[in-house]
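Colleague: Below is a structure I'd like to ask you about.
FYI, it's all coordinate maths here, none of it is from the lab. Not measured: the values here are computed from a predicted model. Note: ideal-geometry Cβ built from the backbone for every residue, glycine included; neighbour counts use all protein chains shown.
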Amino acid sequence: MAPSGVEQTAPVPIPIPVLKFPPDDLRPYGRVNLFTRFPWLERFCKSRWFQFALVVPNLAFFWLFLLVGIFGTPVGNRNMIIVFVWILWWVVLIAVMVPFGSRAWCAMCPLPFFGDWIQRRKLVQVRPGKTYGLNNTLFGKGIRWPKQLSNIWIQNLAFLGLATFSVPLVTRPIVSVFVLGSLFVIAAGMALIWRHRTFCNYICPISGFLSLYSMAATVELRQKSGDECLKCRTKNCITGSDKGWACPWGVYMGKLDRNNYCGLCMECVKSCPNNNIALFARPSFTDSRLKGYDEVWKASIMTALAASYSIVLLGPWWSIKNWANPSESGQWGGFAVYAGALWFAALVGLPLLLAGAVWLGRRLGGRQQPFKAMFLQQAYTLVPFGLLAWIAFSVPLLMVNGSYIVSVLSDPAGWGWNLFGTAHVPWTPMYPEWARVVQAGLLLVGFAVAGRKGLGAARDAHRTTGAAVASFLPVLLLLIFLTSIFLRLYTG
């Protein structure tokens, strides 16, 4: 679902302490043009080899993971597909790439590789021409995705569905092979029928949470001048040209004001005839506006799942662990209870608590705003809180299980190899006593950012500070309640 308006919200500036650039590079709300600062980066992004150079290595790795998952050991912590995908890749993705690189993973993701080739019949170069109003020759039926489904509801349910089976997914190699292999097939099959990256936009479960949490990122791809976009007649960023493909995400750069639906493929940077698109550094959590209920429920689902994963994968509650892993324990009745509780918490419980807090806050603040507008504003607080909760969850994955990466690197399939002399490195947790301290600190940061954003939204919506504080108070209490739950899960 590409953004449909240019509505701009002035975010609260948050300094980026590690980036110090000359004043002439500064943009509104502290933006820094990285193409100006690093000319080599602009040359790389404008190169026709940009995305190919990023995708092909990942494609090779993923096919290696699939082969190892099929023919390697079924023991999860000795198989590369489990250790490298669900420990290394996940931690890097959620703790580094998303908060600092937005949807950079989408630029290098191998899942749509075959679908792109089916539609373009080119690996690197552009194929000029005319296809359904675009300036490129494309293949396949090119059917538009139904407008009624142009949202992230399918992604929400797909991610929640996969997460319900999280234990077998992240512990049994063959299950990971089935899931990842199916995503390859679905992406390629959809490219035969629907135009562009319909799979990435509306189906891919990974894309859904990247969409939400990319709002927190410290980079953004935007137009340099809105006036230049208004004067542009060709709109090559979305229609394509002989230098770049039409945006596979269906995004018009003149209206792009959030990171949510930009996959950073850089095709628009190549095709823009006015050199009016650049990559900017910016303060964290600059995008602070949810546009629909689908995004609210994504935030709720991700927050509920962060708690669920912490209970099932890191907690001491063995009965719940057995319920969540019925293929091993055989406790299908317990699994039904676990799955029902998870879906209720994600789809009903947390949204209902948030709606109740917003309703009460609206009454306390004097009803100066429609309920939906206030609900969407305050639901954003779950974005910084949820992201930091996920990063906190990921800390023990690396600190406690990181040594598996070193040993599996030498013996990827568990066949007794010792390629780099590290196969017999024992399981060695790294400073596990510090994990809880780091987790608690991250949660408190998430709470602080969520509180700041929620109070800022309340101030924008009310005439007086007293009314703003009164309207935000119930949401603040909800955030305190959620923080206490996560602190209990992470610190005991």
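Colleague: Would you give the gap between the C-alpha center of the range 464-492 and the C-alpha center of the range 394-456, rounded to a whole Å?
Modeller: First find each Cα centre; the distance between them is then 28 Å.
Colleague: Still on this model: What whole number of Å gives the distance from the Cα centroid of the range 227-267 to the Cα centroid of the range 303-358?
Modeller: The range 303-358 and the range 227-267 have Cα centres spaced 41 Å from each other.
Colleague: Within 10 Å of each candidate Cβ there may be at most 13 other Cβ atoms; applying that plus a DSSP loop requirement, which chymotrypsin sites (Phe, Trp or Tyr not before Pro) in the range 324-417 survive? Don't skip to the answer; put the middle values down first.
Modeller: Values: sites: Trp332, Phe335, Tyr338, Trp343, Phe344, Trp359, Phe371, Phe375, Tyr380, Phe385, Trp390, Phe393, Tyr404, Trp415, Trp417; in loops: Tyr380, Trp415, Trp417.
The qualifying sites are Trp415, Trp417.
Colleague: For the range 260-274, what does the Karplus curve 6.51 cos²θ - 1.76 cosθ + 1.60, with θ = phi - 60°, yield as ³J(HN,Hα) per residue in whole Hz, taken in order and with x for Gly and Pro?
Modeller: Per-residue couplings from phi come out as 3, 10, 10, x, 6, 6, 6, 5, 5, 5, 6, 8, 4, x, 10 Hz.
Colleague: Rounded to the nearest whole Å³, what is the per residue volume of the convex hull around the Cα atoms of the range 116-166?
Modeller: Numbers: hull volume 6.2 nm³, N = 51.
Output value, Cα hull per residue: 122 Å³.
Colleague: How big is the charge dipole of the chain about its Cα centre, in debye rounded to the nearest 20, if each Lys and Arg gets +1 on its Cβ and each Asp and Glu gets -1 on its Cβ? Each step should come with its number before you reach the end.
Modeller: Values: 44 positive and 18 negative charges, 298 e Å.
I would put it at about 1420 debye.
Colleague: Pull out a ≥ b ≥ c, the square roots of the eigenvalues of the alpha-carbon gyration tensor of the chain, then state rounded if a/c is under 1.5, prolate if not and a/b is larger than b/c, and oblate in the remaining case. If you can, show how the numbers build up before the last one.
Modeller: Details: a/c = 1.56, a/b = 1.06, b/c = 1.47.
Oblate, since a/c reaches 1.5 and b/c is not below a/b.
Colleague: Per residue of the range 77-88, in order, report the coupling 6.51 cos²θ - 1.76 cosθ + 1.60 (Karplus, θ = phi - 60°) as ³J(HN,Hα) in whole Hz, putting x for Gly and Pro.
Modeller: 7, 10, 10, 4, 5, 7, 5, 7, 7, 8, 10, 5
Colleague: Using +1 at the Cβ of each Lys and Arg and -1 at the Cβ of each Asp and Glu in the range 298-491, identify which of Gly365, Phe447, Ala341 lies farthest towards the dipole's positive end.
Modeller: With unit charges placed on the Cβ atoms, the residue in question is Gly365.
Colleague: Then there's this: Calculate the length of the line joining the C-alpha centroid of the range 155-221 to that of the range 99-127, in whole Å.
Modeller: 14 Å
Colleague: Could you point to the residue in Asn79, Thr137, Val92 farthest towards the positive end of the range 79-164's charge dipole, with +1 and -1 charges on the Cβ of Lys/Arg and Asp/Glu respectively?
Modeller: Projecting each Cα onto the dipole axis, the largest value belongs to Thr137.
Colleague: Quick check: from the Cα gyration tensor, does the range 298-491 come out rounded (a/c under 1.5), prolate or oblate?
Modeller: On the way: a/c = 3.24, a/b = 1.98, b/c = 1.63.
Prolate.
Colleague: Order of Leu387, Leu169, Leu342 from fewest to most other C-beta atoms within 10 Å? If you can, show how the numbers build up before the last one.
Modeller: Details: Leu387 31, Leu169 18, Leu342 23.
Exposure proxy ranking, most exposed first: Leu169, Leu342, Leu387.
Colleague: I'd like to compare 308-316, 146-154: which one has the highest average count of other Cβ atoms within 10 Å, and what's the full order after that? Could the numbers behind the result be given before it?
Modeller: Working: 308-316: 18.0, 146-154: 14.8.
So the order, starting with the most tightly packed, is 308-316, 146-154.
Colleague: I'd like the trypsin sites (Lys or Arg not before Pro) in the range 347-386 restricted to DSSP loop residues with at most 14 other Cβ atoms within 10 Å, sorted by number. Don't jump to the answer; show the numbers that get you there.
Modeller: On the way: sites: Arg362, Arg363, Arg367, Lys372; in loops: Arg367.
Of the trypsin sites (Lys or Arg not before Pro), the ones in loops of the range 347-386 whose Cβ has at most 14 other Cβ atoms within 10 Å are Arg367.
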